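Worksheet: the structure to be examined is printed underneath.
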Amino acid sequence: QVQLLESGGGLVQAGGSLRLSCRSPRMITSVFWTYTMGWFRQAPGKQRELVAKIASDGGTIYADSVKGRFTISRDNSRKTVNLQMSSLRPEDTAVYYCNAATTTAEHWGQGTQVTVGQ
């Protein structure tokens, strides 16, 4: 039902930056407001983990491993959530997934690959 479309992944050198974006084109704005939006990632051989999430009121939570390097933001009028990633490390290499969640439903994007070289 809910469509989440990620973009912005790619290959960067260690220390570089990337900006990921996720949009929900078919969701009306009044509904988008109700979702907590987040970014998760999964690296080979590891469990999927929370990277960052942002609530309807703008409150944020970050994984300890990315705190101070990544910034999550949302634009409710554009129905988008962004993840600005700086000072990237090889261990940040993973597939990054957009997530939208309420108390009764959860939706996932298809994922976008982020690869960080030495």
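The values are calculated or read from the model by the stated rules, or taken from the named source; none is laboratory data. Everything quoted here is computed from the prediction, not taken from an experiment. In this analysis, Cβ positions are derived from the backbone assuming ideal geometry, glycine residues included, and neighbour counts consider all displayed protein chains. Side chains are part of the model used for accessible areas, which takes the heavy atoms of the whole protein and leaves out ligands, DNA and RNA. Shrake-Rupley method; radii C 1.70, N 1.55, O 1.52, S 1.80 Å.
Observations on the model:
- Expressed as a whole percent, the accessible surface of the stretch 1-107 that belongs to carbon and sulfur atoms is 48, based on a 1.4 Å probe.
- Virtual spin-label span in nm between Ala43 and Thr104, 7 Å along Cα→Cβ: 3.9
- Listed by chain and number, the aspartates and glutamates whose C-alpha is less than 16 Å from the C-alpha of Lys53, apart from same-chain residues fewer than 8 away, are Glu6, Asp64, Asp75, Glu106.
- Length gained when the stretch Ser56-Thr34 is fully extended (0.36 nm per residue, less Cα-Cα span): 7.3 nm
- Dividing the summed helix terms, -39500 (n - 2.57) for each DSSP H run of n ≥ 4, by the number of residues in the chain produces a 222 nm estimate of -500 deg cm²/dmol to the nearest 500.
- Only protein heavy atoms count here; on that basis, with a 1.4 Å probe, Ser86 has an accessible area of about 40 Å².
- Each Cα pair under 8 Å and six or more residues apart adds its sequence gap; the mean of these over the residue count of the chain is a relative contact order of 36 percent.
- For the chain, accessible area per residue (1.4 Å probe, heavy atoms of protein chains only), Å²: 54
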